[in-house]
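Structure first, commentary second.
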Amino acid sequence: MTSLPDRVSGKQLGLVIDLDTCVGCHACAVSCKQWNAGGVSAPLTDFEPYGAEPSGVWFNRVHSFEAGDGVDGRTVHFPKSCLHCAEPACVTVCPTGASYKRAEDGIVLVNEDLCIGCKLCSWACPYGAREFDDDAGVMKKCTLCIDRIYNEHLPEAERLPACVASCPSGARHFGDLGDPSSDVSKLVAERGGFDLMPELGYRPVNKYLPPRRGAHCGSVAGRAPADALVPTGDAASKLLSWLDRLLSR
Amino acid sequence: MHPALSVIVFTVLSGAGYGLLFLAAILAIGGVLPAAFWFDGCVAVLALAMISIGLSSSVLHLGRPERAWRAMSQWRSSWLSREGVTALVCYPAALMFATGWLWWADSMWWRLAAAITAVLAAATVACTAMIYASLKPVHQWRSAWVPAAYGVLALYSGCLWLDALRLGFDVPVPHLNLAAVALALAGAGIKIAYWRHIERTRSPATPESATGLGHIGKVRMLDPPHTQENYLLREMGFKIGRKHRRKLRRICIGLGFAAPALLVLIADFLAPTAAAAPALLAALLAMAGLLIERWLFFAEARHTVSLYYGAEAA
Amino acid sequence: MSESRQSTGVDLSPVVSDRVETTTCYMCACRCGIRVHLRDGKLRFIEGNPDHPVNRGVLCGKGAAGIMKQKSPAKLRKPLLRTGERGRGEFREIEWDEALALAATWLGEIRRTDPKRLAFYTGRDQAQAFTSWWAEAFGTVNYAAHGGFCSVSMAAAGMYTLGGGFWEFGEPDFEQTRYFMLFGVAEDHSSNPIKIGISRLKQRGAKFVSVNPVRTGYSAVADEWLGIRPGTDGLFIGALIRELLLADQVDFAYLVRYTNAPWLVIDAPGTAEHGLFARDAQGAPLCWDASTKAVADASGTGVTPALAGRYRLADGRDAVPAFQLLAERFLDDAYAPEAVAAETGIAAKTTRRIAAEIADVAFRQELVLDVPWTDWAGRRHDKMIGRPVSFHAMRGISAHSNGFHTCRALHVLQLLLGAIDSPGGFRYKPPYPKSCPPHAKPSRPAEANHSLAGPPLGYPLSPDDLLVDTDGRPLRIDKAFSWEAPLAAHGMLHTVIANAANADPYAIDTLFLFMANMGWNSAMNSRGTADMLAAKDASGAYRIPRIIYVDAFYSETVAFADLVLPDTTYLERYDCISLLDRPISSADGPADAIRHPVLAPDRDVRPFQDVLLDLGARLGLPGMVRGNGKPTYSGFADYMARYERKPGIGLLAGWRGERGEATGKGAPNPEQIAAYVANGAFWHEELPVTARFFKHANRDYLDYAVRMGFLDAADPIVLQLYVEPLQKFRLAAEGHGKVRPPPAHRERVRRFFDPLPLWYRPFEEAATESVDYPLHAITQRPMIMYHAWDSQNAWLRQIISENRLYVSRATAAGLGLADDDWVSIESRHGRIKGQVRLMEGVNADTVWTWNAIAKRAGAWNLAPDAPEATRAFLLNDIISDLLPAREGGYRYSNSDPVTGQAAWYDLRVRIAKCAADAVSARAEALAMPPGWPPRPAILRFGAEFRPREASK
Ligand SMILES: Nc1nc2c(c(=O)[nH]1)N[C@H]1C(S)=C(S)[C@@H](COP(=O)(O)OP(=O)(O)OC[C@H]3O[C@@H](n4cnc5c(=O)[nH]c(N)nc54)[C@H](O)[C@@H]3O)O[C@H]1N2
Ligand SMILES: Nc1nc2c(c(=O)[nH]1)N[C@H]1C(S)=C(S)[C@@H](COP(=O)(O)OP(=O)(O)OC[C@H]3O[C@@H](n4cnc5c(=O)[nH]c(N)nc54)[C@H](O)[C@@H]3O)O[C@H]1N2
Ligand code: SF4
Ligand code: SF4
Ligand code: SF4
Ligand code: SF4
Ligand code: SF4
Ligand SMILES: [Mo]
């Protein structure tokens, strides 16, 4: 089980996160917490919730970075959850088979009934996408909202991960990244979507879209306007020139 | 990486135990170790005790210890699972070897058991090492020096215990003192080389690659996702100061290698019964040194997740 | 799929809930539609309502944490009566009957003697239509919501200029704009709509420019970030205006048609009419008709009004078009990009380029909609011509002491571009625009046992409308509508406590506060304010004799109350989001909404609105009791449906009329609330496409607005480039008219009541030496926290439970500061300490932090050693509520001189490295009210919902 499925269907469900529009509002993180707290991995325990060191189980966390120096740089808000890697060492290191990758859609899950809480998978995940629940003694993680995306009790249009459904900035997309003709794959191709830490070879399914750059980007519908307006007169002559500007009401 | 006491104790004790078991088995097969009831018994008991204490410590470290048995199932892919399997099957082999040593030391079966014990002991240590060495996110572990160190240090600590016991029981084993000194030198050499290696190399992962934002410029954390520590930071965000690590490395070499080597050398000049005390002290000091070594092994390891939490390199 | 279900043992189709209720979120004032999923009567999941016009299905992080608000251990449980000294948190629980009887006795006594001795102030003003009506009935002028310290400069600038504006009166045309500039916005009330809008315009490839000293949040996703120095936006906007004027990049046709730009302004210095509009005998404003070369009625349609020149009026006086005065102001070299660059920190080259981009989009890329429409004069136009440049702004420009004029400048810029309610520009949200300038006036104090003549708040149009006595002294406790803050249209909650404690201008009896954490994060000089709440006079009596406070949680302010009336949560009560209040409409049509109880309270608490009606009935207030002495309304739900402000106009516009057949105006409908509940708790109506733009002058829209009761008459609303009422105050300061400012205030009124926008240095900066306090210190709202509300929220406080002081890396290097260092932060008012974080994206002269993270130890039922109490800091501790003393020792409020808006972001500080344990005096920990269960040490919320594993 812990060995990767040898027959992976072409389907690779995952998320595409648009760093160009993410405003860092944490809506995805909290919606994720909310859904999953009562979902298949329930509960997402919180420790010292009102105390000095509050912490808890979260499947999605929003980081903030600055890239580049001074005004030429950018602040980038950066949500991160499990990337449902194609080569997930978090799965292969698992001694119990609790950690597995689904053959049918590529989703990486933990079977909590098998998990012994050795935490090795969290060491094996370069991205910090595994969450140990100290109270339950088992590992938990983003399920890609498997109990939503296939949930027959939800209307078809709402069968989306909670984080995607809530994002106010349209910065999260869900779909089949194994299918090059899917909307998400096209988006990735169009916008130059990239992998996190490609050098480690985990081949994440989730992709990130880069922020657009530069003062002129998106500028005024693709046309660079002049660098400055050309005055049609000096301050004194202006007033006179307007004397002839006759417009009826 | 968080230096968890349970894992440190586990790897150091079980390493020494398997080292001792391995040496005993090999030397016994080679006929270098004579069959001597108390001595053999003590070697076996000490080895198995260290292994068992170590293993229980690691089991107790689990979130669900009662399910530990499940860890045997994934030997095809998981070094941890393999470690569990080899550790487990090593027990009956070791018991057969130990009892056989006392009573049937000449039989084929005993030789086979001893050989299997040696192989499994070595394999268990190798698996343990590979658990770490296979983790791509931890650059400091992903190195051939790691299995080398685990192997040599297991042998080294096992050898010191064997030496102490044989001197205590006055069992003659030629060159064992010198072998211990040689292993100390090798161990220290490997550690020093390892430290140089981790000083001089960096993980290929950087804040820039972790975020994919390097094309914009240098990437620095602005805000963490949560203002208080979370599991990931507690488990994998451990940081150790430069000065602190230097000091501990020196203590580790002094206490764990130089002092024991010196003591064993001294012991070499003493009568066996008088030599037992320094040899025992050498073993104990080495164990202390190795605890520090192992603590550093974790404390100095930086997981790539820390790149998301402000670390400039992993 | 059944295969995968089996292969994994995971239940892929668990039942989500057995009941779904649709209501309105109140984790913040954005008021999104939510669907609340319940299982076995327990909250399971809250999601955005896809049908709702505000959020269209999305939900922000606060909204998603609603469950944890409901689970908060800080929820008040029963009415409390103070037993210890104020501020310590020592109470005993009492029954509601006792609490209400007590409150009714106190208030009844006041009403019988001098109703203004009741100061009734509300914080979050979501029930303002109702609370204002209650204050009016009670008869106290001392009523307001929190707007005075929030964004009144923005709101008032909009109302006096456009009859609407940013704040909650309008929105950018996110769907069509091609250039969007955002000034000083971290989050705003319109939280989800702005996010939706920004992402959509970015996806379309429109350009987004953010002007903000800090590059986070919205500014982080801007295509261009202009890290302006705080308080200087007026200069930057002025420079843009100058560039546009010099290059003739102005929509002259728009100005002539829709604004008062051509109106003639009398130029007769020294006279009582200098600077006022020249009017005919009927009072109609005049213009110079260039075609007939004569003075003409400016509101006529046949005229060709001149925008420049000097003209002789029939009475022999000279007059010039308002536009000419405006142009003269901004053509001045003082607004040249080079001249302002040093102040603003924005290079002249950049300013020039931005002006060129704006002009390019507005005039070379005009947006033409093939939508015919009819203007106010009945003329058909077969197209709508748009200027797809849009602007939005909030407290970054309004929370400075020059905020009113800066907000005005931005509106003027939009007018010059013709980008007000034209396609692609700024758009009004019905019921806006309102008449401009607005005509509701603040009411004067009432006699004992009498109600006010009208609502307590309004918009003065001349000194005659001020609430001052014959000596020019304020008649309101907060000094709103006095010479200190003549256009304080939202009152001045930030001055109430100090004024009441100092009996200035008079003593009050009871301070009745609702939902405003005035003992902490919503006060300037927060420590001093807390002290004043507990201050005693020489006889040992409290200087504010009685304090009644209504909160739902154990906030810092609760500790100062004599009587605490615990409120319900937003999931437990009826609320009304009314068009009479702060509407949730979109530019495409009006909308309103309700909240209705989804859960029954699990403690002895009552909805405040019910309590207020109950109190009103006990006091026998007009409108709240029937002839037989019985309450008029059985509760707030009943009031929502039956109350009529004017015949046919009530709180809710949907499903009016006896059978729910009418919208806007119509008889009360007993089934109205049920209709709302059935429709997802909201009502929304789309305007016909012909009425969606140029609403101020669009016949279809104006007629619609009259039909709906938004406007009294379908006259066009002329946009006010030049604000004549301001000039009337200035004239008074120059000695004209009956009501004149006392000498001490004269110069101030004369200077700041300028009918044209102007820029002046913010008071704090002008008053302190920049060598002493070299840095600006500002706050931003975190997107994930609503003021004080969310530290009790187990999920949200995990995201932020301590705040840092963000310092530019360059500035930090100069000060020898490294990341994580502790620094002392010192203003002329006080000193606190905080931990720094270095960043690139902040103006080098500015430091900033997140607002309202710090909490008093023990408050909100947090552990006393919570980071909120030990490591977090509150900038409010060092923001003075008063300006430095002037000649004569008088100290003005630290506010905008026109509107009285609190000048939070004027703060200047110096910072220096200090020890982590450097003590900063902190208030002692609050005691907990009696009988509260211990706060949980672990939360396993959701365990009860875990689906049982599907059979393997
Ligand atoms: N430094 C600094 N200070 C500022 C600002 C700033 O930008 N910087 N901003 C200012 C502005 S604009 C504002 S509006 C104020 C906001 O400040 P306030 O209006 O005071 O808002 P809060 O303190 O969040 O909330 C007031 C109280 O409402 C209570 N409450 C929450 N929900 C309910 C409910 O359902 N019923 C009842 N009865 N009570 C409830 C909370 O418990 C809290 O005690 O802060 C101001 N203070
Ligand atoms: N999540 C969340 N949403 C909220 C609230 C909340 O507490 N939390 N509060 C609500 C309330 S009561 C209000 S009033 C609104 C306020 O909404 P905003 O006005 O968006 O809120 P502020 O945090 O005051 O943001 C002020 C912004 O102006 C910038 N700024 C400061 N000085 C200047 C300046 O001189 N020039 C320019 N250009 N920018 C400047 C600051 O960096 C900051 O980004 O938000 C509402 N929405
Ligand atoms: S992100 Fe981490 S947990 Fe998720 S699949 Fe990849 S390695 Fe595994
Ligand atoms: S913690 Fe659980 S899931 Fe992770 S490796 Fe260990 S057994 Fe597998
Ligand atoms: S897909 Fe579901 S579980 Fe994963 S981050 Fe999004 S909400 Fe959380
Ligand atoms: S909800 Fe969307 S905008 Fe908000 S942090 Fe998540 S991805 Fe970014
Ligand atoms: S923006 Fe405000 S009203 Fe809307 S979901 Fe968030 S908290 Fe609720
Ligand atoms: Mo506000």
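Annotations for the structure displayed:
- On Cα atoms only, tilt of B:108-133 relative to the major axis of chain B in degrees: 20 degrees
- Test item: C:645-654 mean partner chain Cβ contacts at 10 Å: 0
- Fraction of the pair-distance distribution of region C:766-839 above 14 Å, Cα-Cα pairs, percent: 68 percent
- Average projection area in nm² (convex hull over Cα atoms of region C:872-950, one quarter of hull surface): 13.7 nm²
- Across all directions, the average projected area of the convex hull around the alpha carbons of region C:262-412 is 12.6 nm².
- When you restrict to C-alpha pairs under 8 Å that are six or more residues apart and normalise by the size of chain A, the relative contact order lands at 26 percent.
- Solvent-accessible surface (1.4 angstrom probe) belonging to A:Glu152, in square angstrom, nearest 10: 110 Å²
- Take the Cα of B:His215, step 7 Å toward its Cβ, do the same at A:Arg203, and the gap between the two points is 2.3 nm.
- Three-way shape label, region B:156-314, alpha-carbon gyration tensor, a/c 1.5: prolate
- With N counted as the residues of region C:836-914, its alpha-carbon radius of gyration over 2.2 N^0.38 Å works out to 1.41.
- Degrees, to the nearest 10: B:145-168 long Cα axis against longest axis of chain B: 30 degrees
- Counting only Cα atoms, region B:38-179 measures 48, 32, 27 Å along its principal axes, largest extent leading.
- For the residues of A:131-144, the average number of beta carbons from a partner chain within 10 Å of their own beta carbon is 3.
- An oblate overall shape is assigned to region C:162-224, the ratio a/c of its alpha-carbon gyration tensor axes (a ≥ b ≥ c) being 1.5 or greater and a/b not exceeding b/c.
- Alpha-carbon spread of region A:131-192, three principal axes, descending order, Å: 44, 30, 25
- Across all C-alpha atoms in region C:104-155, the radius of gyration and Dmax reach 12.2, 39 Å.
- For region C:500-603, the spread of Cα positions along each principal axis, largest first, Å: 57, 36, 22
- Region C:720-865: relative contact order in percent, alpha carbon pairs under 8 Å with at least 6 residues between: 24 percent
- Distance histogram in 20 Å bins (all Cα pairs of chain B, percent per bin): 31, 53, 14, 1
- In range of the label at B:Lys247: residues from region B:277-314 whose backbone nitrogen is under 20 Å from the point 7 Å along Cα→Cβ: B:288-301
- Degrees, to the nearest 10: C:743-752 long Cα axis against longest axis of chain C: 70 degrees
- From its DSSP helices (H runs of at least four residues, each -39,500 (n - 2.57)), chain C gives a residue-normalised ellipticity at 222 nm of -7000 deg cm²/dmol.
- Eigenvalues of the alpha-carbon gyration tensor of region C:325-365, scaled by 5 and square-rooted, set the equivalent ellipsoid semi-axes at 20, 16, 6 angstrom, largest first.
- Averaging 1/r over each pair of different alpha-carbon atoms in region A:1-106 and inverting the result gives 16.6 Å, the Kirkwood hydrodynamic radius.
- Overall, the ratio between the Cα radius of gyration of the protein assembly as shown and 2.2 N^0.38 Å, rounded to two decimals, is 1.04.
- Using the Stokes-Einstein relation with a Kirkwood hydrodynamic radius computed over Cα pairs, the translational diffusion coefficient of region B:265-314 at 25 °C and a viscosity of 0.890 mPa s comes to 179 µm²/s.
- Based on Cα contacts under 8 Å between residues 6+ apart, region C:231-390 shows a relative contact order of 22 percent.
- Here the Kirkwood formula puts the hydrodynamic radius of region C:92-210 at 17.9 Å, using every distinct Cα pair.
- Applying Stokes-Einstein at 10 °C and 1.306 mPa s to the Kirkwood radius of region C:406-485, computed over alpha-carbon pairs, gives a translational diffusion coefficient of 104 µm² s⁻¹.
- Debye log10 I(q)/I(0) for region A:84-156, one point scatterer per Cα, at q = 0.15, 0.17, 0.28 Å⁻¹: -0.49, -0.61, -1.35
- Stokes-Einstein D for region A:97-249, Kirkwood Rh over Cα pairs, 4 °C, 1.567 mPa s (µm²/s): 62 µm²/s
- Whether region B:96-202 is rounded, prolate or oblate, judged on the alpha carbon gyration tensor where a/c under 1.5 counts as rounded: oblate
- For A:Arg172, nonlocal amide neighbours, meaning residues 5 or more places apart or on other chains whose placed amide H falls under 5 Å from its own, are A:Asp18.
- 10 Å Cβ neighbours from other chains, averaged over peptide C:349-360: 5
- Rolled with a 1.4 Å probe across the full set of protein chains, the surface gives C:His274 an accessible area near 50 Å².
- Checking every one of the trypsin sites (Lys or Arg not before Pro) in region C:712-753 against DSSP loop status and a limit of 13 other Cβ atoms within 10 Å picks out C:Lys738.
- For region B:59-85, heavy-atom accessible area (probe 1.4 Å) falls by no less than 30 Å² from the chain alone to the full protein assembly at B:His61, B:Leu62, B:Gly63, B:Arg64, B:Arg67, B:Arg70, B:Ala71, B:Gln74, B:Ser77, B:Ser78, B:Leu80.
- Protection proxy ranking, peptides B:37-44, C:714-721, average beta carbon neighbours within 10 Å, highest first: C:714-721, B:37-44
- Rounded to two decimals, the Cα radius of gyration of chain C over 2.2 N^0.38 Å is 0.93.
- Carbon plus sulfur fraction of accessible area for chain A, probe 1.4 Å, in percent: 55 percent
- Two-decimal log10 I(q)/I(0) for region C:697-811, as the Debye equation yields it once each C-alpha is a single scatterer, q = 0.12, 0.13, 0.18, 0.23 Å⁻¹: -0.92, -0.94, -0.95, -1.19
- Per-bin percent of Cα-Cα distances, region C:593-711 [5 Å]: 2, 10, 16, 17, 17, 15, 10, 6, 4, 2, 0
- Charge dipole (chain A, unit charges on Cβ, about Cα centre) - positive-most of A:Val188, A:Leu154, A:Gly175: A:Val188
- Surface/4 of the Cα convex hull for region C:572-655, nm²: 7.0 nm²
- Relative counts (whole %) of C-alpha pair distances in region B:193-249, using bins that are 10 Å wide: 16, 35, 38, 11
- For region C:821-952, convex hull of alpha carbons as volume per residue, Å³: 271 Å³
- Using the Cβ-Cβ distance between C:Thr83 and B:Phe37 with R0 set to 56 Å, the FRET efficiency from 1/(1 + (r/R0)^6) comes to roughly 0.10.
- Computed across region C:1-132, the Kirkwood hydrodynamic radius from all distinct Cα-Cα pairs reaches 19.5 Å.
- Distance in nm between pseudo-label sites at A:Ala189 and C:Ala915 (7 Å out along the Cβ direction from Cα): 6.5 nm
The values are calculated or read from the model by the stated rules, or taken from the named source; none is laboratory data. As the structure is a computational prediction, the values presented were derived from the model and not from experiment. As a convention, Cβ positions derive from the backbone with ideal geometry for all residues, glycine included, and neighbour counts pool all protein chains shown. In case anyone asks, the SASA skips ligands and DNA or RNA and just uses the protein heavy atoms, side chains included. Shrake-Rupley method; radii C 1.70, N 1.55, O 1.52, S 1.80 Å.
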